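Q: Right, I'll just put the structure down here and ask away after.
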Amino acid sequence: MLGIFEKLSPKRSSRFGLWAFVCDNVRMISSQRQHLILSRLRTRGAVRITALSKELGVSAMTIRRDIAELADKGLLKRVHGGAVTTSTLLSEPLFSVKSQMDIGLKDAIAQEAIKYVAPGDVIAIGGGTTAYVFAQHLLESQQSSGITILTNSIPVAELVQALESKDVEVIVTGGVITRSNSLVGPIADKVVASLRVNTVFLGTHSVSIPRGFLMPNSLEAATDMAMMDIADRTIVLTDHTKWSCTSLSLFARFDQVDTVITDDGLDPDSAAKTKDLVKELVLAHQSETIEESEQTHG
């Protein structure tokens, strides 16, 4: 290699050296980005492409390539709009992180879900970000008039508390706080068992065919089961990415759920199998505006 440099003219040698430096620097930056992505995953459990793009000052396409390379190495799991840690079997990303994932999908699901609420209903809303987005849409709709909400979700309770109109009553279970800002455990279960609701709306960490719906936290799974026990009807709200996840604790079999509301991104095979197992499967359609926004912003 030294002989080659000696044969090059000073001008060509200078250009070659500059090109080599640029190549090495690009590789170094890519390595640093990927190291930071993994660091964020270790502390947060999930990352979003748009946030990483802004933080690192690079395009969303660059972040997608980094995530794809890390996924090929088995160091993370790609999801719509970002990535999650491969150790999500036993852990749950923080609520603040999950609330930024798959926003368009959650909005579409929520719009379908509010059709299952009538003014004056007594309902229960579980923890998680999909249930939270449902609560947001519900409280902005006419269906929320005179309803009572039982919830173990601190963010949902805060939503109701922030309403200028006090037409909606909220009952909070109490209990131990999880990473997803849900209240779980014996205290929560005891409060839930003393009540009755028309419909319970629950999120899920993963969907397993033919097993059912799962959570990484066994206490949260138990509290979800307690809510199902007091409800006349159970509705699960979940986006299509949850069919590719796995988790630890089963909280509901398919035959225990009345309706599953997901988005139309669910692959046809999973949709057909789920439809055979559950009483009702609803595929919410994302508007073109939402889809274009997701593609533009990562």
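Q: Looking at SER206, SER153, SER165, which one is open to solvent by less than 10 Å² (accessible area, probe 1.4 Å) and at pLDDT below 95?
A: SER206
Q: From (1) over 14 Å from THR151 (Cβ atoms); (2) modelled with pLDDT under 95; (3) surrounded by fewer than 21 Cβ atoms within 10 Å (Cβ to Cβ), pick out the condition that doesn't hold for MET215.
A: (3)
Q: Could you run through the stretch 169-194 and say how many residues are surrounded by 16 or more Cβ atoms within 10 Å (Cβ to Cβ), outside any strand (DSSP E or B) and free of Cβ contacts under 8 Å to residues at least 60 places away in the same chain?
A: Count: 6.
Q: Tally up the residues in the stretch 159-182 that are closer than 16 Å to VAL200 by Cβ and among the polar types (S, T, N, Q), please.
A: Count: 2.
Q: Going through the stretch 244-283 one residue at a time, which ones are open to solvent by 10 Å² or more (accessible area, probe 1.4 Å) and charged (D, E, K, R)?
A: ARG253, ASP255, ASP258, ASP264, ASP267, ASP269, LYS273, LYS275, ASP276, LYS279, GLU280
Q: Would you check if ARG65 is farther than 30 Å from ALA284 by Cα, surrounded by 11 or more Cβ atoms within 10 Å (Cβ to Cβ), modelled with pLDDT of 50 or more and not assigned by the TED database to the domain that holds LYS242?
A: no
Q: May I ask you to verify whether THR241 is in the same structural domain as GLN143 (by the TED database), touching an Asp or Glu at 6+ places or on another chain (Cβ under 6 Å) and open to solvent by 10 Å² or more (accessible area, probe 1.4 Å)?
A: no
Q: Can you tell me how many residues in the stretch 121-168 are of a type in the set (A, V, I, L, M, F, W, C) and touching a residue at least 60 places away in the same chain (Cβ under 8 Å)?
A: 7
Q: Output the residue which, of all residues in the stretch 101-124 that are over 16 Å from the mean Cα position of the chain (by Cα), among the hydrophobic types (A, V, I, L, M, F, W, C) and not in a loop (DSSP other than H, G, I, E, B), is surrounded by the most Cβ atoms within 10 Å (Cβ to Cβ).
A: Residues of the stretch 101-124 over 16 Å from the mean Cα position of the chain (by Cα): 111-124.
Of the ones still in play, those that are also among the hydrophobic types (A, V, I, L, M, F, W, C) are 113-114, 117-118, 122-124.
In the following step, the residues that additionally are not in a loop (DSSP other than H, G, I, E, B) were identified as 113-114, 122-124.
Working: ALA113: 26, ILE114: 18, VAL122: 17, ILE123: 24, ALA124: 29.
Result: ALA124.
The values are calculated or read from the model by the stated rules, or taken from the named source; none is laboratory data. Not measured: the values here are computed from a predicted model. No Cβ is skipped: glycine too gets one built from the backbone with ideal geometry, and neighbour counts run over all protein chains shown. Note: areas computed on protein heavy atoms with side chains; ligands, DNA, RNA excluded. Shrake-Rupley method; radii C 1.70, N 1.55, O 1.52, S 1.80 Å.
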